[in-house]
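*Asks:* Before anything else, here's the structure in question.
The values are calculated or read from the model by the stated rules, or taken from the named source; none is laboratory data. Predicted model, so just to flag it, every value in this text is computed and none were measured. Ideal geometry is used to build each Cβ from the backbone, glycine not excepted, and the neighbour counts take in all protein chains shown. Remember, those area values only see protein heavy atoms, side chains included, never the ligands or the DNA or RNA. Shrake-Rupley method; radii C 1.70, N 1.55, O 1.52, S 1.80 Å.
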Amino acid sequence: MDRRRFTLSAAAFGLSALAASSPLLAATKTKVAAKAASRQPGEPDVLILGAGISGLQAAWLLEEQGLKVAIVEGRGRVGGRIMTLLDQPGYPEMGFNSMGEGYGRGLDVAKRSGVTLQEVGERYRIGPPSLLYIGDKPLTREEWARFPGNPFPDALKTVMPAELVSMLVSKKTRLTDWNAWADPASAPLDISLHDFLQQQGLSDQAIHLAHDIAPYYGRNAYDLSALLAEYNDGFVKAQIAAGPKSFAVKGGNLLMAQALAKQLKGDVLLGREVVAITQASGGRMTVHFKDGSTLSAPKVICTLPFSTLRNVAIEPGLSGMQAQAVAQLGYQPISMIFVTAETPFWEQDGLAPGMWTDGVLGNVMPQRYGEDPQQITGFIVQARANLADYWDRLGAENAKALVVSRIEALRPAAKGRIRAHSYFSWSQERFNVGDFSYLAPGQVKWMADIAKPAGNLFFAGEHTATGARGLEGALESSERVAIEVLG
Ligand SMILES: Cc1cc2nc3c(=O)[nH]c(=O)nc-3n(C[C@H](O)[C@H](O)[C@H](O)COP(=O)(O)OP(=O)(O)OC[C@H]3O[C@@H](n4cnc5c(N)ncnc54)[C@H](O)[C@@H]3O)c2cc1C
């Protein structure tokens with residue numbers, strides 16, 4: 001079964017059923033029991049670093065196989081990039097948002113955790129599309145097509161800036177099999193997204209507007225591998241083919257991570273910041289924490305994003321492309337502000353509630369997470385890449401004031417009626433230092449070595465996945481690493 005078909009069909013089988021029935025997993029059980037004998041009394045067989053979804057799932061898979069597992073986590077909470085503001089209206093998601101119908105692993109995990117999933121795909125589609133603002137000027141699609149400052153080629157004038165890159169990548173993808181994106185044979189395709197878009201007839205000005213103002217990945221189109229964008233497109237298409245629905249956890253996605261942690265038999269130790277990982281000549285692993293304490297185990301799984309692992313001393317050191325990836329892998333800057341409105345200003349001015357701007361306001365996204373799907377529970381205002389850095393430099397309070405004043409300037413009906421609540425910057429989260437990992441041109445070759453075990457140190461996490469993205473990718477990595485550890 002290829003990776004894509006496995007992703008899409010895992011829901012039907014259920015991962016737990018897979019784990020129970022897999023001859024590979026069953027065969028490795030005896031082997032592990034023998035190896036596990038080398039652990040000292042009280043120690044786990046496997047120590048997992050990071051209580052994000054990949055760490056939690058790897059722990060569960062290994063416990064299912066009879067291993068003793070412990071997780072250590074630097075934050076005072078589990079979930080990592082699953083992060084809900086549980087005290088705000090509608091429980092806005094600052095991290096993981098939703099999973100599609102093709103998220104076989106994600107849906108299986110959600111079911112096992114016992115949380116209630118609600119369909120949110122329909123809610124995303126309610127209401128008019130976001131209004132485009134160029135400077136202070138609101139533009140409908142028709143107005144944009146005729147706008148003198150529209151830098152897109154004639155045939156693409158009606159495409160909105162936020163739609164253009166994904167549309168071109170989808171239509172013009174050079175991959176016949178998106179699962180082959182990281183194969184060495186695809187290496188000649190590993191050019192920058194900028195070059196790819198230029199080949200489609202876009203000028204620098206068009207690329208700046210369509211990509212660099214709010215890049216999905218990378219700081220700008222020179223900084224992103226077109227091959228990664230095409231792989232992501234393949235994953236998205238597979239999701240669309242699986243069905244139109246999207247699911248999120250009722251009451252907040254963080255509840256799922258919390259429930260998964262509760263299901264584990266082993267310890268989940270919070271507030272334990274890893275500063276070093278050492279491997280003795282006999283292969284015994286020791287993890288060193290900031291408070292001076294240590295924990296040892298025969299095997300360690302590291303799910304730390306490379307953005308934070310690069311601050312952890314590893315002895316003996318990693319080598320080759322893996323070491324390069326730990327040092328240099330890019331992570332997406334994203335900052336967000338949650339805003340609520342006292343009165344529905346969009347009903348007063350008759351304009352779409354959402355706004356995509358080319359300025360310092362970023363992207364204003366209505367949230368419909370109340371009992372009534374029509375009701376707008378608030379807005380997530382999002383800045384990506386350079387704009388996120390700019391907000392971060394301003395500081396939370398100044399960035400909140402800026403966003404409120406810009407909304408009020410563009411939408412006078414909102415004046416005095418909106419409030420900015422939490423400021424959340426993924427770059428400033430010391431245990432993530434950025435959101436999604438991404439590859440720059442020429443870096444796709446790193447995928448061959450990125451998760452290579454270094455003795456008894458194993459690697460997992462979304463950055464190591466090659467067949468799925470986001471949460472589903474993180475879960476894919478848990479399966480791969482569990483099999484490696486067992487084998
Ligand atoms: C804004 C945003 C929106 C997203 N939307 C979606 C979406 O709609 N769909 C989707 O599929 N995916 C989405 N994702 C991606 C998804 O959330 C991630 O891919 C997934 O949660 C990553 O899980 P992980 O276990 O690999 O990493 P993480 O969740 O980052 O887990 C790593 C853990 O390691 C811990 N850690 C780091 N350094 C140390 C240290 N030194 N010592 C101890 N612990 C440490 C961290 O605290 C963290 O808990 C989104 C992410 C973000 C941020």
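*Asks:* Just one of (1) within 29 Å of Ala229 (Cβ to Cβ); (2) crowded, with 21+ Cβ neighbours inside 10 Å trips up Lys445, so point out which.
*Replies:* (2)
*Asks:* Report every pair of residues separated by at least 6 positions or lying on different chains whose Cβ atoms are under 6 Å apart, first residue within segment 258-275 and in the same structural domain as Phe289 (by TED's automatic domain parsing) and outside any helix (DSSP H, G or I), second more than 10 Å from the ligand (Cβ to nearest atom) and open to solvent by 50 Å² or more (accessible area, probe 1.4 Å).
*Replies:* Here the result reads Val275/His288, each pair linking segment 258-275 to a residue that is more than 10 Å from the ligand (Cβ to nearest atom) and open to solvent by 50 Å² or more (accessible area, probe 1.4 Å).
*Asks:* Follow-up question, since we're still on this one. From the residues in segment 218-233 that are within 12 Å of Ser166 (Cβ to Cβ) and touching a Lys or Arg at 6+ places or on another chain (Cβ under 9 Å), which one is surrounded by the most Cβ atoms within 10 Å (Cβ to Cβ)?
*Replies:* Glu230
*Asks:* Residue pairs, Cβ under 8 Å, 6 or more apart or interchain, first in segment 313-335 and without any contact (Cβ under 8 Å) to a residue 24 or more places away in the chain, second open to solvent by 60 Å² or more (accessible area, probe 1.4 Å). List them.
*Replies:* Val326/Arg310; Ala327/Arg310
*Asks:* Checking Ser477 against (1) within 13 Å of the ligand (Cβ to nearest atom); (2) at positive phi, which test does it fail?
*Replies:* Unmet condition: (2).
*Asks:* What number goes with the only condition from (1) touching an Asp or Glu at 6+ places or on another chain (Cβ under 8 Å); (2) more than 11 Å from the ligand (Cβ to nearest atom) that Asn253 does not pass?
*Replies:* All conditions are met except number (2).
*Asks:* What about Gly121, is it without any contact (Cβ under 8 Å) to a residue 40 or more places away in the chain and either surrounded by fewer than 20 Cβ atoms within 10 Å (Cβ to Cβ) or farther than 30 Å from Pro373 by Cβ (or both)?
*Replies:* For Gly121, the condition - without any contact (Cβ under 8 Å) to a residue 40 or more places away in the chain and either surrounded by fewer than 20 Cβ atoms within 10 Å (Cβ to Cβ) or farther than 30 Å from Pro373 by Cβ (or both) - is not met.
*Asks:* Within segment 40-77, count every residue that is more than 7 Å from the ligand (Cβ to nearest atom) and assigned to a loop (DSSP other than H, G, I, E, B).
*Replies:* Number satisfying all stated conditions: 12.
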